[in-house]
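Working notes for the structure below.
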Amino acid sequence: MEQKINQNPKLVKKEEQRLIRILSKDIEGNLNVYVGLTKIKGISWGVSNAICKVLKINKSKKISELTKEEIDKINIFSENPDLPNYLMNRKNDRETGKNKHLVGSHLELQKDLDLGRLKKIKSYKGVRHSLGLPVRGQRTRSHFRKNRRKSVGIKKKENKK
């Protein structure tokens, strides 16, 4: 009876492709560690490479093959990374004056606070953000048109006989 119960290859494949939660983000288990870490907001290819090198994790290893200790190491390291300054995403922070690297929801919250500050002091960038216009000097004559979805094409007059 036990010999008849073989592991179904489809079940084994599903087990391998499960989701792994790293830094409040679900990452597919069939991705490499190097690629999978880039799915987290705030971790670029360079930071992912640095994490793999510093923690001595094989980049080609699958996310589903990571042990609990390795996942904990990644979580702890990414909260307070020891990276070169050029890899940090928040250099010379406004409040502390130090170089920081924000990841996940902390990055989104800080971005919203920065945009709110720009809108509050009514800087050029803040006004452009609040109006929904391009901020960095792109042209607006042919792009960024307002209400383009509501507009209707030209209607021809009906022939009256």
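The values are calculated or read from the model by the stated rules, or taken from the named source; none is laboratory data. None of these values were measured; they are calculated from a predicted model. Don't worry about glycine lacking a Cβ; one is built from the backbone with ideal geometry, like all the others, and counts go over all protein chains shown.
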How about region 114-131: which of its residues are surrounded by 12 or more Cβ atoms within 10 Å (Cβ to Cβ) and hydrophobic (A, V, I, L, M, F, W, C)? 115, 118, 127
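For the structure I just gave you, tell me whether residue 141 is exposed (fewer than 10 other Cβ atoms within 10 Å of the Cβ) and either at pLDDT 85 or above or out of contact with any His (no Cβ under 7 Å at 6 or more places or on another chain) (or both). Lay out the reasoning, then the answer.
Details: exposed (fewer than 10 other Cβ atoms within 10 Å of the Cβ): yes; either at pLDDT 85 or above or out of contact with any His (no Cβ under 7 Å at 6 or more places or on another chain) (or both): yes.
For residue 141, the condition - exposed (fewer than 10 other Cβ atoms within 10 Å of the Cβ) and either at pLDDT 85 or above or out of contact with any His (no Cβ under 7 Å at 6 or more places or on another chain) (or both) - is met.
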Count of region 37-57 residues which are of a type outside the set (D, E, K, R), out of contact with any strand residue (DSSP E or B) (no Cβ under 9 Å at 6 or more places or on another chain) and not in a helix (DSSP H, G or I): 5
Please enumerate the residues belonging to region 97-109 that are surrounded by 12 or more Cβ atoms within 10 Å (Cβ to Cβ) and either among the small types (Gly, Ala, Ser) or closer than 17 Å to residue 130 by Cα (or both). 104, 105
Scan region 25-34 for residues that are closer than 20 Å to residue 107 by Cβ and surrounded by fewer than 16 Cβ atoms within 10 Å (Cβ to Cβ) and report the count. 1
Starting from region 54-71, keep only residues that are in contact (Cβ under 8 Å) with a residue 24 or more places away in the chain, then list their pairs with residues that are among the basic types (Lys, Arg) and assigned to a loop (DSSP other than H, G, I, E, B) whose Cβ atoms are within a distance under 9 Å, requiring at least 6 positions of separation or different chains. 64/18
Kindly provide the set of residues from region 46-96 that are of a type in the set (Val, Ile, Thr), closer than 24 Å to residue 18 by Cα and exposed (fewer than 15 other Cβ atoms within 10 Å of the Cβ), ordered by number. 67, 76
